[in-house]
Amino acid sequence: MVNEWLPVFIFMIIMSVVVFVILAGTAFIGPKRPNPVKLSPYECGVEPVGEPRTRFSIKFYMIAMLFIIFDLEVIFFYPWAVVFKRFLSGSSFILIEMLIFVGILLVGYVYAWKKGALEWQ
Amino acid sequence: MGLISLTTFFPVLGIVIILFISKKNLLAIKMVSIVFSFVPLVIASYMWLHYKYPMTGIDLESQFQFVEHFAWIPAFHIDYFVGLDGLSFPMFWLTTLLSFISLVASWNISKAQKGYFALFLLLETSMLGVFVSLDFFLFYVFWELMLLPMYFLIGIWGGPRREYAAIKFFLYTLAGSVLMLLVMLALYFNVKDPVTGSHTFNMLHMMHKSNQSAWLTTFDVRLWLYIALFIGFAIKVPIFPFHTWLPDAHVEAPTAVSVILAGILLKMGTYGLLRISYPIFPDIAKYTSYALAIFGVINILYGAFVAMAQKDLKKMVAYSSVSHMGFVLLGMAVFTTAGINGAVFQMFSHGLITAMLFLLVGVIYDRAHHREIAGFGGLGVRMPVYMGIASLAFFAAMGLPGMTGFIAEVMVFIGAFSVYRVLTIIAAFGIVITAAYMLWTMQRVFLGKLNPKYEHITDINGRELFTLIPLGALTIFFGIYPLPVLNMIKVPLNYLITLIH
Amino acid sequence: MDLIIPQINFSAIAPALTVMITAVVVLLIGLFFQKVQRELLAIVGIIGLIVSLGELGRMWGKDITGFGGMVGNDNFTIAFQMIFIIAAFLAALLSLNRIEDEYVSYGEFYGLLLFALSGIIVMVQGLNLLIVFLGLEILSISLYILTGFRKMRADSIEAALKYFLLGAFSTGFLLYGIALIYGTTGSFSFKGISSYVNANGFTNVLFVAGIILFLVGLAFKAAFVPFHQWTPDVYQGAPTPIAAFMSVGAKGAAFAVLIRLFVSVAAFSTREWTIAIWVLALLTMTIGNVVAIVQQNIKRMLAYSSIAHAGYILVGVLAGNEMGRSAVLFYLMAYTFMNLGAFGVVSYLGISHKVENLRIESYRGIGYKYPFAALAMAVFMFSLAGVPPTAGFIGKFYLFSAALKAGFVWLVILSVLNAVISAYYYLRVVVAMYMQEPEEGKVFELPAASWGVGLALLLAVLGVLYMGIFPSSLMQLFQKTAELISML
C-alpha cells in the first residue's frame, strides 16, 4: 500500500523544493522597481479589492452558465467512450443511447441559440 | 323508483326546470316552484290513504312501509335505504304541506327570485330526505344538505343582520352535526350486519343489541355516545343552552323561511332523538330521562318568560317555539303511552300552529314594515279578517280546547304527571304564562285605540288567506278529530316504549 | 471487472417519457413560432397528457418494472400518476385565462409545467431513493422558474427566490438523509432499507438521523408545519394556475413517497414514529386552519387551507391500513378538483382594469354579477369545508373512517373539530360573494371567460359533485389498488 504511493510522495517533495527554490531565487536575485500596478496580484482583469456589490453584465453569467451546463454534460462522454467498443459488439444500443443524449443536448443548444443567449449584444 | 323517492326528489326536477327559465320570467319561476312542491303534497296525501296503520316500524325493516333499499356506496356498506313508519309519516306529510304553503307565501320575494325558489325546492328535498332515511349515513347527508339552502335563504334574503344570523346558524348546526358524525362512525365500526357480517350504517341493525360489539355495550361508552348525539340534536331543537342561534335566525329570515325553520327544522331534533337515540340507546335514554324532563321544563318556562319580554313580534313567536318544544321534550322524557304520543302529536300540531303564527307576522310586516309590538294598536278595526285568523292561531298556541295544541299538551301532562309530579306542576305554569303573553300581545296589537299611522292599512288579501286557511282548518280538524294522526303514531311509539322498558 | 448493462425497460417510464417529449415539443414550437396562439401550445400539451394517461391505462395491472428495479408501476402508483396528470390538465386549461397575459413566453410556460409533471411521475415511480431524488429535482427546478414567471412583478420574483432558497435548503436535508441512509444500509432501494430495518430495527443512530432528515426534506415539499413558512408567500406570488398545480402536485408527490416508505418499512408503525406523525398531522391542520382565519388575501387563505388539507391527508397516511391508503388517493383526487377549481376562480376573477382583486372583500357582490363563477366558487368552498354532497365531505369521511379503524380516536375528533373551524373561513368567501354589497365605487369588469377556464371550472364542479354523490366506483377502484401494493 505505502509502496505504491511512495513515488507520488517523492514527486510532491521534489516539486515543493523546486517551487521554493525558484521563488526564493527570484526574490533574491531579481531587480525590484515596484509600482502600484505591478504590486497588484494580476495586472489585468478584475480589481482584487473593491465594493462587493459591483455589477456585472448579465452576459457573463449567461455564458458561464451555458459553459458549465455543456461542460458537465460532456464529461459523460468519457466513461462512455471507455467502454464503447466492448459493448458495441453486442448491440448498437450503446450508440443509440448516446445519440439520444446528444440529441437532447442539441435541443438545449438550439434553444439557447434561438433565444439569443450566445449573442453578446 | 318508489313513491318516497318520487316525493323526495320531485322538487329537484323543479330546480332543473327553474334553472332553464329566464330570470326575467318571474311568473313562470313561481308557478313552476309551486307546482313542483304541490305534487309532493299530493303524492304524500295519496300515501296517507294507503298507509297501513298496524305496522310498527322503528327497528324492523319488514314493519316499514314504502321501503326502498339498494346499495349506494358498497365500499362502506352505505345503502340508499328509505321508508316510512308512524313516527316519520306525520312529519313527512307536514313537510310537503308547509313547503307548498311557504312557497305560496314567498310570492312577494323581491330579490334574485330564481335562486330563492331553486334553493327552497332544494330545502324541501333535503328535509324530506331526513325524515325518510333509515340509513344513518344517508340521514347525515340529508341533514347536512339542509344546511346549505337554509344558510343562503337566511343570508341572502334575510333582514339587516342576515350575514351574522346565517353564519351563526351554520356554525352552530355544523358543530352539532360533527358530533353526530363522530357518533355515527363509532357506531359504524361497532355494529355488524347480521346477514353479511360486515359493518353497517343501517340504523335498524344498530338498534339490535345482538349486532353491537362488546365495546358498544359498556355503559360509559354508551353514555358518552348518547350525550354527543344528544347535543347534536339538542342544537337543532333547540334545547336551552344551545338555543341562541334561533332568535337571530328567525328575526333575520324571510317569512317563508321562518315557517320552515320553526315548522320543520326544529322538529328534526326531537325526531332524531326518537328515531335514532332512543332505539339505539334505550337504556341510556331511560337513565337520562330525568335530565331530559328538566331540560323540557326549563325550555317551557324560559321560552315563555323570554317571549313575554320581547318587543319584536317575530322574536316573541320564536321564543314561543322554544317554549312549545319544551312540551315535546317533557313528553318524550316520561316513557308513558300518553306522554310520548302527546310529544309526537305536539310536534305535528306545533308545526301547523307556529307556521300560522309566522305567516301572520309576515302579513303584518309586509304592510307596516316593522314588527314592534308597541308600534301597533287597534288594528282589529281595520283588519277584521286578519284579527279573526290571528285569534285562532293565538288561541291554538295557548292550547285552547278544540284545537290540536290542547290535545297534545293535555296528553303530555297526563303522561308526565304520573312520573314526575313536581316537574309537571311547574311545567303547567308554562301554560299560564303562555296564555298571558299571547293575550297581552293580542291586546296590544289588535285592541285599544287605532294607531293613526295605520288608518289606511289594508286587510289580509286572498293569497295570504290561501296560505293560512288550510293550516287553520287542519288545526281545528285535528283538534276535534285527532285519530288519523294518533292512530298512526301510537303503534310505533308504544312499541318504542316497550323497547325502552 | 466486467460491466453489465442493467435491464432497461423503456415501457416502464413511457408516461414520463411522453410527458417529457411533449414538453420539448411545446418548447420548440414556442421557440420557432413566436406568434403562435397559446391555445395551440396548451392543446399540444394536453394531447401529450392524454397520451400518457393512455400509457398508464395500458400499464394498469401489469406491474411493469424497469432499470434494474429502480422504477416500478403498480396500480397504486399508477393511480397517483393519473391524479397528477389530471391536475396538470386542469392547470393547463386554467392558464388559458385572458388575464394571465403577462407571462410573455408561453412555450416555456407549458413546457415547464409538463417538465414539472414528468418530475412528479418519476418521483412517484421511483423504487429507489436516487430516482425519487431525481424526480424531485426535476419537479422543484421547474417550479422555481414557474413561480417567478411573472418576471415584471416584485412579488413573483420574491416568491421565486424564497421558494428557491428554501427548496434548495430542504433538498440539502433530503440528500443528506439519503446519504446517511445509504451509508448505514448500503442500499438506495426501498427494499434494501426494508430488509435492513427488519434485521436491525432503528438501533443505528445514523440511520435514524438519515430517515429523519429524509422526512424533513419531504415535509418541506409537502408543507407540513413547522416546515410550511414558504407556502403563503410562494402561492401568493406564483401565477395562480401554478400555485394550484403546486398545491396538488408537489404535495401529492411527497405523500406518494411517504406512503411507499411507510408501506415498505413496516417498522414505522412502532409507537415512536406514530406519535411523531400524529403530532405532525395535528399541528399541520390546526395551524393551517387557525392562521387561515385571519387572512385577507384569498390566495394566502387558500395557501393556509392547503396546509391544513395536508394535515388531513397525513391522518390517512398515519392510519397505515389499506383503507387509509385508498382514502389518501380518494382525497387527493377530490382535492385536485376542488382546489384547482377554487384557484381557477381566483385566477379568473384575479385582475380587472389592472387592479388586483385578491382581497376577500373585493369578492363582495360578485354572486350577482358573475353568477357562474360565484356558484362554482361556492361549490368548491363547501367541498373544501367538507359539507355534503360534495367530494370533500366523502373524502374527509373516508380519511377519518380509516383513522378510526386504525384506532386513532382522539386524532379523528380533533380533525373533525378542525374541519368545523375551517368552515368559518371558507364561508367568509361565500358570505362576501352572496350576502354583502359590493364595495363603494369599485368598478369590477372582467373580460368573458375563455373556453379553457370555462371548461376547467365545469370539469372541476362536475368532478366535485360526482365524487360527492356517486363516490362508489372510484372508491372501489382505489381500494383495489391499495390492497395490491405489490412493489416495495
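Please go through region A:87-103 and give me each residue that is surrounded by 13 or more Cβ atoms within 10 Å (Cβ to Cβ) and within 12 Å of chain C (Cβ to nearest Cβ), ordered by number. Within region A:87-103, A:PHE87, A:ILE94, A:GLU97 meet the criteria. Note on region B:166-177: residues that are in contact (Cβ under 8 Å) with a residue 12 or more places away in the chain and at the interface with chain C (Cβ under 8 Å from one of its Cβ atoms) amount to 5.
Checked against (1) away from chain C (no Cβ under 14 Å); (2) at pLDDT 85 or above; (3) closer than 26 Å to B:TYR302 by Cα; (4) surrounded by fewer than 24 Cβ atoms within 10 Å (Cβ to Cβ), B:THR218 passes all but condition (3). When each of B:PRO11, B:PRO90 is tested for being touching a Leu at 6+ places or on another chain (Cβ under 7 Å), more than 14 Å from chain C (Cβ to nearest Cβ) and in a helix (DSSP H, G or I), the lone residue that passes is B:PRO11. Only a single criterion out of (1) surrounded by fewer than 23 Cβ atoms within 10 Å (Cβ to Cβ); (2) more than 14 Å from chain C (Cβ to nearest Cβ) is not satisfied by B:ALA112, namely (2). Annotation: B:THR96 fulfils all but one of (1) at pLDDT 90 or above; (2) within 11 Å of chain C (Cβ to nearest Cβ); the unmet one is (2). Assessment of region B:338-361 against the conditions (over 24 Å from B:ILE300 (Cα atoms), more than 14 Å from the chain's Cα centre (by Cα) and in a helix (DSSP H, G or I)) yields no matching residue.
Name every residue in region C:390-406 that is more than 10 Å from chain B (Cβ to nearest Cβ) and not aliphatic (A, V, I, L, M), in order of residue number. Selection gives C:GLY392, C:GLY395. All conditions in (1) within 11 Å of chain C (Cβ to nearest Cβ); (2) in contact (Cβ under 8 Å) with a residue 40 or more places away in the chain; (3) surrounded by fewer than 23 Cβ atoms within 10 Å (Cβ to Cβ) hold for B:GLU163, with the sole exception of (2). So how many residues does region C:94-124 have that are modelled with pLDDT under 90, more than 13 Å from C:PRO239 (Cα to Cα) and part of a helix (DSSP H, G or I)? The total comes to 2.
Here A:ILE68 does not qualify as within 14 Å of another protein chain (Cβ to nearest Cβ) and among the aliphatic types (A, V, I, L, M).
Among residues belonging to region B:33-60 that are of a type in the set (Val, Ile, Thr) and modelled with pLDDT under 90, point out the one that is nearest to B:SER126 (Cα to Cα). Within region B:33-60, the match that is nearest to B:SER126 (Cα to Cα) is B:ILE58. Entry remark, region B:184-201: residues being touching a helix residue (DSSP H, G or I) at 6+ places or on another chain (Cβ under 8 Å), more than 11 Å from chain C (Cβ to nearest Cβ) and surrounded by fewer than 23 Cβ atoms within 10 Å (Cβ to Cβ) number 3 in total.
For region C:14-50, filtering for residues that are in a helix (DSSP H, G or I) and within 11 Å of chain A (Cβ to nearest Cβ) leaves 11. Restricted to region A:23-121, the set of helices (runs of 4 or more DSSP H) holding at least 2 residues that are touching a residue at least 24 places away in the same chain (Cβ under 8 Å) and closer than 30 Å to C:THR22 by Cα comprises A:58-75, A:93-114.
Looking at region C:387-400, is at least one residue out of contact with any strand residue (DSSP E or B) (no Cβ under 6 Å at 6 or more places or on another chain), assigned to a helix (DSSP H, G or I) and surrounded by fewer than 23 Cβ atoms within 10 Å (Cβ to Cβ)? Among the residues of region C:387-400, not one is out of contact with any strand residue (DSSP E or B) (no Cβ under 6 Å at 6 or more places or on another chain), assigned to a helix (DSSP H, G or I) and surrounded by fewer than 23 Cβ atoms within 10 Å (Cβ to Cβ), which makes the answer no. Applying a threshold of 9 Å to beta carbon distances and a minimum spacing of six or more residues, or different chains, the list of pairs starting in region B:450-467 at a residue that is within 20 Å of B:SER106 (Cβ to Cβ) and ending at one that is among the polar types (S, T, N, Q) reads B:ARG463/B:ASN108; B:THR467/B:SER102. Filtered by the rule that a residue be closer than 21 Å to C:VAL132 by Cα, in a helix (DSSP H, G or I) and touching a residue at least 60 places away in the same chain (Cβ under 8 Å), region C:172-206 gives C:PHE190, C:LYS191, C:ILE193, C:SER194, C:VAL197. Residues in region C:458-471 that are part of a helix (DSSP H, G or I), surrounded by fewer than 17 Cβ atoms within 10 Å (Cβ to Cβ) and within 11 Å of another protein chain (Cβ to nearest Cβ): 1 in all. Are any of the residues in region B:221-233 touching a strand residue (DSSP E or B) at 6+ places or on another chain (Cβ under 8 Å), among the small types (Gly, Ala, Ser) and within 14 Å of chain C (Cβ to nearest Cβ)? Looking through region B:221-233, none of the residues is touching a strand residue (DSSP E or B) at 6+ places or on another chain (Cβ under 8 Å), among the small types (Gly, Ala, Ser) and within 14 Å of chain C (Cβ to nearest Cβ). Scanning region C:366-389 for residues that are away from chain B (no Cβ under 11 Å) and over 21 Å from C:HIS309 (Cβ atoms) turns up C:ILE366, C:LYS369, C:TYR370, C:PHE372, C:ALA373. The condition (being closer than 17 Å to C:GLU108 by Cα and either surrounded by 12 or more Cβ atoms within 10 Å (Cβ to Cβ) or touching a His at 6+ places or on another chain (Cβ under 7 Å) (or both)) is satisfied by just one residue among A:VAL110, A:VAL83: A:VAL110. Contact map, region B:55-72: residues that are free of Cβ contacts under 8 Å to residues at least 40 places away in the same chain and within 14 Å of another protein chain (Cβ to nearest Cβ) paired with residues that are surrounded by fewer than 18 Cβ atoms within 10 Å (Cβ to Cβ) and of a type outside the set (Gly, Ala, Ser), Cβ distance under 8 Å, separation 6+ or inter-chain. Pairs shown: B:PHE70/B:TYR80; B:ALA71/B:TYR80. Set side by side, the residues B:LEU204, B:LEU216 differ, and just one is in contact with a strand residue (DSSP E or B) (Cβ under 8 Å, 6 or more places away or on another chain) and among the aliphatic types (A, V, I, L, M), which is B:LEU216.
Within region C:401-422, restricting attention to residues that are free of Cβ contacts under 8 Å to residues at least 24 places away in the same chain and either in a loop (DSSP other than H, G, I, E, B) or among the aromatic types (Phe, Trp, Tyr) (or both), the residue that is farthest from C:PHE478 (Cα to Cα) is C:TRP410. Would you pick out the residues in region B:73-102 that are touching a residue at least 60 places away in the same chain (Cβ under 8 Å) and of a type in the set (Ser, Thr, Tyr)? Correct list: B:SER88, B:THR95, B:THR96, B:SER99, B:SER102.
Exactly one residue among A:ALA24, A:ALA81 is within 14 Å of chain C (Cβ to nearest Cβ), over 30 Å from C:PHE33 (Cα atoms) and out of contact with any helix residue (DSSP H, G or I) (no Cβ under 8 Å at 6 or more places or on another chain), and that residue is A:ALA81. Output the residue which, of all residues in region B:118-160 that are within 30 Å of B:PHE189 (Cα to Cα) and part of a loop (DSSP other than H, G, I, E, B), is farthest from the other protein chains (Cβ to nearest Cβ). The selected residue is B:LEU134.
The values are calculated or read from the model by the stated rules, or taken from the named source; none is laboratory data. The model shown is predicted, which means the values in this text are computed figures rather than measured ones. Methodologically, a virtual Cβ is constructed for each residue, glycine included, from the backbone with ideal geometry; neighbour enumeration extends over all protein chains shown.
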